[in-house]
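The values are calculated or read from the model by the stated rules, or taken from the named source; none is laboratory data. Just so it is clear, the model here is predicted, and its values are computed rather than measured. Counting neighbours? That spans all protein chains shown, and the Cβs are built from the backbone with ideal geometry, glycine included.
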Amino acid sequence: MRARADGNDLLRMMAGASELLAVNVARVNSLNVFPVPDGDTGTNMYLTLKEVLRTARADESVKSSAGRAAKVMAASALREARGNSGVILSQFFKGIAVGLEGLDGFGPPEFARCLRLASDHAYKSVGNPVEGTILTVMRRVAEEAELHAERGRSLDALMERVCKAARKAVEETPSMLPVLAQAGVVDAGGHGMYIVLEGARRALAGIDRETKVLPVPGMSGSNGRAARVAEAFLATAEDELYGFCTQILVTGSGLQVDIIRTKVETLARSVVVVGDTEAVKVHGHTEDPDGLVAYTRSLGAVSQVKVQDMDEQKKEFSAMHRAPAKQAQPLGVVAVASGEGFGQLFSSLGADCVVDGGDTMNPSVQQLLDAIDQCPSDRVILLPNNKNIVPAAKQAAEAASKTVQVVASTSVVQGMAAILNYNVTKTLDAAVADMERALGSVRGVSVTRAVRAATMDGVQVAQGQVIAMLDGKLAASGDAPGDALRAALVKAGVGGGALVTVYRGSGLTDSEAQADVKALRQAFPGAEFEVVFGGQPHYLYLASIE
Amino acid sequence: MAVRVVTDSLADLPKDIAKDYGIEVVPLYVRFGDEEFKDGVTLSSDEFYKRLTAGPHSPKTAVPAVGEFAELYSRLGQDAEGIVSIHISSKVSGTLNSAEQGAKEAKAKCPIEVVDSLQASMAIGLIALTAARAAKKGASFDEVVKLTRSAVTRAHCLTLMDTLEYLEKGGRIGKAAALLGSLLSFKPMVGLKDGEVHAFDKPRTRARGIEKLKEFLAQHSPVESYCVMHSTVPEEAQALLTELKASVKSDVPPILARYGPGLGTYIGPGGLGIGVIEKPRG
């Protein structure tokens, strides 16, 4: 087995990497949730690699020396890098180029140095390095390589170690980055990096029998393991983030990054130490930032000291992990509604908590207070959605420890109008003003069965007949729900340009509602109708007219 | 020796205006399947929207390479007093990071200031124009940087969209995600706040949405500069602009612009919006 590789070997390694990545692009894309879930991490890395290879192949000089080959590749990667992951991959090539500068061939020690430089450059290339990403994989790989480079192994053996470390690091990414654990995936860029290294290893060793479709580490079979990782993460999340996030830049001469990192690891957690012999960046979470600064002062000149209390960050972090949608928000909304459909409607339009309640089931002040508490914001807007619940809502607003304002919606239809005008980016007062204005912008119709015979508001009603109320006043009666609704809409003067939203109650089927609305469309040709499932128990129909 | 202004294609700056003011526009990449284009350079908006609705591939965008920024900065840096490079919010794109790396790699003989606009579309374009106007009048590098940073705090944009579908497919749904899968139909109005995507309003009808756009501009009065943008509705955009011109005063004449392929990837057909820079207060 050869101990040293040359420019041609480096080219072969990258060709192997590109080939293996090509087969696995779709899988890598499917993992992509961080930093933005746009599903093209694999494509970006592959396109970058492909261009690197094309440039290197076109350049005869790469065969003459490994250093020259690496330089050509790095220059091409920098020019052609696609996307965030491509940019980081270009730093990988930069590390190799710096590590092999002036060298014709390379063995384990040189390659280990390359991987270290690659990791360092990659960390430096992002403003805010996040663990549990491709960066972690590159760093772990570098550490493993440095550990095994000096023991007289072959480059093949070193690559085997490196790939094993990469796979393990990928497996652990969800435990470092909550957004991955939530999604039940490992990091896409990290997996891409593993594939690059694995492809390079196989090409170097001349292996082409192994399966080309790589299983995703930690996700074999099902998401079961990823889910368990997520649970384990929950248990440890609060230990991971504690004390002060401390960052220090040390400048001097003859600095030894590894030794510094080992020492810093005894003083802090979440340690990242990168740099060279002249400048080292130290990052760690510690309860004793002064101690950490004192240690770094013993190494050289200390500057750019940044100490942040992580208590706030920790809160955000835990909140985000427990319930992805429940991060601390500038505003929150609590709405009262009965019916599964309305619950979903309010949630889907921005309500954070929906309290079950309505005509016959008024929620208690305590229930409202509990919902206000759960709401992921210190400023909460409360929609009672029923005139009988408005007093309890006002009481809850006064008793709450948070700033709460009641938008006094007296019906669920008004509540819908209010939430449709809820703008989370505004101040509390401005948002409330928008919503209050909206209350008067709709008229509401409710259709139900009369429980007894009566004459109300001048309309005669027999028991069991269907009645329709317009803005709380009896407007019409009829034998079928559709007839009563139509009579109420006529009374409301529905004409051209009106938008009527019909909410179907739990007492009617979808096809019944569709048939009624079809007839309404014919009766009011200028108006627009939309029918949705409200699921309210007592009213056959609720409708809003805008 | 003048100050040079750089932006990216997500600023949607009309080509003739960029040219008049000497603003350099670095294109992002737009991909349909295996086909890759330079935003607005090798792919026109007309062609883009045709492909967007025809399928079969959903487009993806990719940030410009570090090297592309480095080369541009190196070239401009030969005879500029300084470079101000203004880009799409770093919370929704890696472009700013690429530009920052490019600035480090560049061999420019002048200072380079890379600015996070925290905005998108012509909200960036208007900031770049503000900077370029000052540069044209001979403002110093420090003055242009200061003015740019001030404009960033005063820039806003809002877009009335037909659907959130493209924003979701493109992975930029951000804080508007809660509105996905709503059972009730509405026209999402989306903008950036503190650099992140939010749904600002949910009008039930398009006509109401257009009213909301007018209200949005009024809320940001007094207006320094503004712009009407659209993706595939030129007549509607022109009508809105004509109406606004009659009622809103601004320091500089308003602009009509189009969401290019890069932003069109997320907005989709039917988009209509407003970008505005408020006058400084006090």
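Residues of segment A:183-204 that are crowded, with 24+ Cβ neighbours inside 10 Å, part of a helix (DSSP H, G or I) and under 24 Å from the mean Cα position of the chain (by Cα): A:Ala188, A:Gly189, A:Gly190, A:His191, A:Gly192, A:Met193, A:Tyr194.
Within the span defined as segment A:147-160, every residue fails to be of a type in the set (Ser, Thr, Tyr) and closer than 21 Å to A:Val28 by Cβ. For segment B:56-98, the set of residues classified as small (Gly, Ala, Ser) and either touching an Asp or Glu at 6+ places or on another chain (Cβ under 8 Å) or at the interface with chain A (Cβ under 10 Å from one of its Cβ atoms) (or both) consists of B:Ser58, B:Ala62, B:Ala65, B:Gly67, B:Ala70, B:Gly82, B:Ser85, B:Ser89, B:Ser90, B:Ser93, B:Gly94, B:Ser98, listed by residue number.
Considering B:Glu224, B:Glu235, which residue is of a type in the set (Asp, Glu) and without any contact (Cβ under 8 Å) to a residue 24 or more places away in the chain? Result of the check over B:Glu224, B:Glu235: B:Glu235. Looking only at segment A:474-491, which residues are at pLDDT below 90 and part of a loop (DSSP other than H, G, I, E, B)? Across segment A:474-491, the qualifying residue is only A:Asp479. For segment A:492-502, the count of residues that are away from chain B (no Cβ under 14 Å), outside any loop (DSSP other than H, G, I, E, B), more than 21 Å from A:Leu345 (Cβ to Cβ) and aliphatic (A, V, I, L, M) is zero. Among the criteria (1) within 18 Å of B:Tyr259 (Cβ to Cβ); (2) touching a Cys at 6+ places or on another chain (Cβ under 6 Å); (3) hydrophobic (A, V, I, L, M, F, W, C), the one B:Val26 does not fulfil is (2).
Residue check: is A:Thr455 loosely packed, with under 13 Cβ neighbours inside 10 Å and within 14 Å of chain B (Cβ to nearest Cβ)? When the stated conditions are applied, A:Thr455 does not pass them. All of A:Ala15, A:Ala26, A:Ala22 fail the test of being more than 30 Å from A:Ser154 (Cα to Cα) and among the aliphatic types (A, V, I, L, M), apart from A:Ala26. Quick check on segment A:343-352. Is at least one of its residues in a helix (DSSP H, G or I), surrounded by fewer than 24 Cβ atoms within 10 Å (Cβ to Cβ), among the hydroxyl-bearing types (Ser, Thr, Tyr) and at pLDDT 85 or above? Yes, because at least one residue in segment A:343-352 is in a helix (DSSP H, G or I), surrounded by fewer than 24 Cβ atoms within 10 Å (Cβ to Cβ), among the hydroxyl-bearing types (Ser, Thr, Tyr) and at pLDDT 85 or above. Taking into account only those residues within segment B:160-173 that are within 9 Å of chain A (Cβ to nearest Cβ) and under 20 Å from A:Asn423 (Cβ atoms), which is surrounded by the fewest Cβ atoms within 10 Å (Cβ to Cβ)? If we take residues in segment B:160-173 being within 9 Å of chain A (Cβ to nearest Cβ) and under 20 Å from A:Asn423 (Cβ atoms), then B:Ile173 is surrounded by the fewest Cβ atoms within 10 Å (Cβ to Cβ).
Given the structure, is A:Ile96 at pLDDT 90 or above and farther than 23 Å from A:Leu31 by Cβ?
Yes.
Taken over segment B:183-217, the criterion of being over 28 Å from B:Thr95 (Cα atoms) and either basic (Lys, Arg) or at the interface with chain A (Cβ under 7 Å from one of its Cβ atoms) (or both) is satisfied by B:Leu183, B:Leu184, B:Ser185, B:Phe186, B:Lys187, B:Lys202, B:Arg204, B:Thr205, B:Arg206, B:Arg208, B:Lys212, B:Lys214.
So is A:Gln460 surrounded by 22 or more Cβ atoms within 10 Å (Cβ to Cβ) and either in a strand (DSSP E or B) or not assigned by TED's automatic domain parsing to the domain that holds A:Ser506 (or both) or not? No.
Just one of the listed residues (A:Ala66, A:Ala74, A:Ala70, A:Ala81) is within 11 Å of another protein chain (Cβ to nearest Cβ), over 28 Å from the mean Cα position of the chain (by Cα), more than 21 Å from A:Ala166 (Cα to Cα) and touching a residue at least 12 places away in the same chain (Cβ under 8 Å), namely A:Ala74. Beta carbons closer than 7 Å, at least 6 apart along the sequence or on distinct chains, pair a first residue in segment A:135-163 that is within 16 Å of A:Ile207 (Cβ to Cβ) with a second that is β-branched (Val, Ile, Thr) and assigned to a helix (DSSP H, G or I) for A:Val162/A:Val141.
If you check B:Ser44 against the conditions, is it within 13 Å of another protein chain (Cβ to nearest Cβ) and either out of contact with any His (no Cβ under 7 Å at 6 or more places or on another chain) or aliphatic (A, V, I, L, M) (or both)?
Values: within 13 Å of another protein chain (Cβ to nearest Cβ): no; either out of contact with any His (no Cβ under 7 Å at 6 or more places or on another chain) or aliphatic (A, V, I, L, M) (or both): yes.
No, not satisfied.
Looking at A:Val305, A:Val334, A:Val355, A:Val274, just one residue is more than 14 Å from every other protein chain (Cβ to nearest Cβ) and at pLDDT below 70, and that residue is A:Val274. The single condition among (1) within 14 Å of another protein chain (Cβ to nearest Cβ); (2) in a helix (DSSP H, G or I); (3) touching a residue at least 60 places away in the same chain (Cβ under 8 Å) that A:Ser119 does not satisfy is (1). The set of residues in segment A:411-433 being within 14 Å of another protein chain (Cβ to nearest Cβ), part of a helix (DSSP H, G or I) and crowded, with 18+ Cβ neighbours inside 10 Å consists of A:Val412, A:Val413, A:Gly415, A:Met416, A:Ala417, A:Ala418, A:Ile419, A:Leu420, A:Ala431.
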